[in-house]
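The structure appears right after this line, and notes come after that.
The values are calculated or read from the model by the stated rules, or taken from the named source; none is laboratory data. Predicted model only: the values in this text are computed from it and were never measured. Cβ coordinates were reconstructed from backbone atoms using ideal geometry, including for glycine residues, and neighbour counts include every protein chain displayed. Just the protein is used for accessible areas: all its heavy atoms, side chains included, with ligands, DNA and RNA removed. Shrake-Rupley method; radii C 1.70, N 1.55, O 1.52, S 1.80 Å.
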Amino acid sequence: MSSKKEKIILDFRDVRKEDIALVGGKVANLGEMISIGIPVPPGFAVTAYAYKEFITKTGIAEKIYSIIDETIVDPNEPQHYEEASKRIRSLIENTPMPEHIQEEIRKAYRRLCEEVGSQDVFVAVRSSATAEDLPDASFAGQQESYLNVHGEKELIEKVRKCWSSLFTPRAIFYRNQKGFKHENVLISVGVQKMVNSRSAGVMFTINPITGDPNQIVIESSWGLGEAVVSGSVTPDHFVVDKDNLQIIEKKIAKKLIEYVRGPKTGRTIRVKIPPERQDEPSVTDGEIVYLANLAKKIEEHYGRPQDIEWAIDKSLPYPKNIFIVQARAETVWASRTLPAKPVSPPSVEREVVLKGLPASPGVYAGIAKVAMTADEAARIVKKGDILVAKMTNPDWVPYMRYAGAIVTDEGGATCHAAIVSRELGIPCIVGAGNATKVLKTGEEYTVDANVGVVYYGVVEEAKPSAPPPTITPTEFLPVTGTKVYINLGVPEKIEDYKHLLFDGIGLMRVEFIMASYIREHPLHLIETGQSQKFIEKMAEGIAMVARAIYPNPIVVRFSDFKTNEYRKMIGGSKYEPTEDNPMLGWRGVSRYISPQYREAFRLECRAVKKVRDEWGLKNVWVMLPFVRTTWEVKECLKIMEEEGLKRGRDFKVWIMAEVPSVIFLADEFSKFCDGFSIGSNDLTQLILGTDRDSQILPSIDKRYFDERDPAVKRAIAHLIKVAHQNGVTVSICGQAPSVYPEFTEFLVRCGIDSVSVNPDVFVRTKKLVASIERKIMLEKLLKTNVKNRGEEDFSLDNGYG
């Protein structure tokens, strides 16, 4: 009997989220949801093994990859992707499928028909690539899907078309951009009973526009969900409070068309909605609350925000008629810090051309290019243009990257244009109604996507200051005794920030380098003989920053991924256990010294040594994250010394102060480091016993997770005092100084040596620190004068000593 990995067919009920390599993200998530009781229509997967069997047994695999190498000469030329796609898809669709694969598909389809009690049941045939819908794969929907397929012959034909859609122009482009090897990406096909939808749509367990994690956003329209996902209609829009499931916002759109199953042919057809239904809500309040409850359950299971597709069957009673047809990790806000609410520009006289829904914040002025098709966009859109379209789909992605802003006629907050724009950081307005008719190619406009308005001409007042705020070396910034550093994660962003007069990088996160430059699990690289790849890529990323700010110091924090994050790297599932609470699990120094991971940690050490010794960038220091005990620090330092990284005059080692044990034993830890850096997020979490990723307690009272809590402040004051007694410096790289000016004042009054903040608040923080230092000096001067005059002493006790 064949193993699971060598099966042609797998029932949805037999797969789990760990089976992405076998059935792709879409199907793996469907099986996972079935296992926790989520209502999912039945179905089966034609596995990635079946696809691999097809291309290898027929001998077309090498032909496919050679076509890509031959055709895509210029990776920035969209036409090359079009030509490669055309040739590969023709090859796949004209190559006969092996008979044993066909027979397995037929048998599975018959079993499904028997299960639902229908002959030739209508099914949705959806592609599910092995690299699609993973947390680091931003553009879902690159491959094709087919609705209302029925009969064995048509099913086999559509499976082959799904296979060939692994090589659409957008899919080839995406893999090249991400650095995925084409031969490492396979495709599964999910075959699922169609829901005969009365209404359908999408929902997010985080507000996709504002990033508010306390809200669930549901978008809905009549008929099949394709209308909402593709942006063909402007959907009804509902916002639900995640805590109490109260509907807090309703926007009912005028819905003119819907996609339905044709009564005669069974094909998906587009029909006009009768006038009496156009302005009616497409879902009831009860259905909204029921859907929101399912969304909460899915998010709680996965432990992160979700992007979910759903449908309501017109032939079944409530609530048995509500189904979840897809769920995947939300990728835009998951890795961002919640921004401050955008401030609209001052009100001045200007001509409003049209209004729509703000989908991706920002303000941009430029020349409009109206494109009705992706081909037209390829011809006319140049870098920095405002792209105006009826709606976008994944075919548009290569040209959307060129745009300075995007405006569409149709769509809602969760449509393709909105999601991709937020991913790319491009201002976007959707659902504007008639943008393609009103806006003219070649004319200048200002797009204010903070409020959803397009103005005629370039409105200077509407232009925001460029983020992050930069200053020239000649601009005056006050001198401070307290050093002000910045935090950095993406090496390339140093080009945007290097003109800021900061004292150094107080926190250089290497997780972005690992996730985007390296992508493969370090133990997988070691096992496959590619250790040097890790060292080179890590060193390149660190050196890019170190060179730009030399001789100012850059404090590189060794990797602090948790097990669930390491598992997502290529090859990671083989080496990473599943932990119930990864936040408190195998992370930081405990990982570095463990027999399982020690050799991988040595690669990080070698990368740092390469930057310092081979490239002469001695301004690179390091920091150890999530330290728990002194003995593990000693073990870690020993490994570092074995790799040529020994503490000394020009090589400092800092320790993250996140675990309370570091606070309690600050005098002991001081023997093993040159500095402490307070991680205020984790420290607050562990002192107050509050899960920083859960919104339950903060929704009751925000003080449950607040770095300004007296217990947290007392711990920090104690650390600074003891560290200084032992000749060790203290910095802070957590979120608090970037958010709370009064917290910065507390730190300066305690005598902290440096603060490291987000780049966008550096200038403000530098000036704030200077004003606090001046204030303290004046207070001391006043106190001295009072004592010298023998007057009553009205001393100002800061309360932290």
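Once backbone amide H atoms are built at 1.01 Å from N, residue 678 has 657, 731, 732, 733 as its partners under 5 Å, excluding neighbours fewer than 5 places away on the same chain. Were the residues from residue 276 through residue 252 laid out at 0.36 nm apart, the gain over their Cα-Cα distance would be 7.3 nm. A cut-off of 5 Å between modelled amide H atoms, ignoring neighbours fewer than 5 places along the same chain, links residue 457 with 444, 445, 446. What is the list of residues in the stretch 168-185 whose amide nitrogen lies under 20 Å from a point 7 angstrom out from the Cα of residue 83, following Cα to Cβ? Under 20 Å, as judged by backbone N against the label point of residue 83, lie 168-177 of the stretch 168-185. Between residue 641 and residue 667, what FRET efficiency comes out of the Förster formula 1/(1 + (r/R0)^6) with R0 = 30 Å and r the beta carbon distance, rounded to 0.05? That gives a FRET efficiency of 0.85.
To the nearest 0.05, what FRET efficiency results for residue 527 and residue 714 with a Förster distance of 45 Å applied to their C-beta separation? Once the sixth-power term is evaluated, E becomes 0.45. The stretch between residue 285 and residue 440, if pulled fully straight at 0.36 nm per residue, gains 51.7 nm over its current Cα-Cα span. Compactness check for the stretch 157-203: Cα Rg over 2.2 N^0.38 Å is 1.54.
Between the stretch 180-196 and the stretch 587-630, the alpha-carbon centres lie 39 Å apart.
Calculated FRET efficiency, residue 320 to residue 781, Cβ-Cβ distance, R0 = 60 Å: about 0.20 to the nearest 0.05. Can you pick out the pairs among 272/390; 533/562; 52/390 whose Cα atoms lie more than 28 Å from each other? Pairs exceeding the cut-off: 52/390. Taking the Cα centre of the chain as reference, the dipole from Cβ charges on Lys and Arg (+1) and Asp and Glu (-1) amounts to some 560 debye. You can think of it this way: the chain between residue 73 and residue 511 has 154.5 nm of extra reach, that is 0.36 nm per residue less the Cα-Cα gap. Residues of the stretch 476-506 falling in the label zone of residue 774, defined by backbone nitrogen less than 18 Å from a point 7 Å along Cα to beta-carbon, are 476-484. Note on exposure: 615, 631 ranked by accessible area (1.4 Å probe, complete protein assembly) read 631, 615, with the most exposed listed first. Ordered by 1.4 Å accessible area with all protein chains kept, 441, 47 run largest first as 441, 47. With the convex hull of its Cα atoms as the shape, the stretch 183-293 has an orientation-averaged projected area of 9.7 nm².
Around the amide H of residue 306, modelled in the peptide plane, lie the amide H atoms of 205, 206, 330, all under 5 Å away and 5 or more residues distant in sequence or on another chain.
At a Cα cut-off below 26 Å, give the lysines reachable from residue 671, other chains included and same-chain residues fewer than 8 away excluded. Excluding near neighbours in sequence, the set is 483, 609, 618, 634, 638, 646, 652, 713, 721. Structural size metrics of the stretch 160-234, computed from C-alpha coordinates, are Rg and Dmax of 16.7, 42 Å. Using DSSP H assignments, which helices in the chain have an axial alpha-carbon span of 24 Å or above and a mean Kyte-Doolittle hydropathy of -1.0 or higher? Membrane-span-like by this rule: 285-302, 531-549, 762-788. Going through the cross-link list 251/437; 158/383; 5/158; 181/568, which pairs have a Cα-Cα distance over 28 Å in this structure? Over 28 Å Cα-Cα: 158/383. Using alpha carbon centroids, what distance separates the stretch 649-723 and the stretch 238-281, in Å? Taking the Cα centre of the stretch 238-281 as reference, the centre of the stretch 649-723 is 49 Å away.
Restricting the count to DSSP beta bridges whose residues both fall in the chain, what percent are antiparallel, rounded to a multiple of 5?
Working: 68 of 104 bridges.
Close to 65 percent.
Computed over the chain, the per-residue total of -39500 (n - 2.57) for DSSP H runs of n ≥ 4 gives a 222 nm mean residue ellipticity of -10500 deg cm²/dmol, rounded to 500. Packing here is the average count of other Cβ atoms within 10 Å per residue, and on that basis the peptides 670-677, 79-86, highest first, run 670-677, 79-86.
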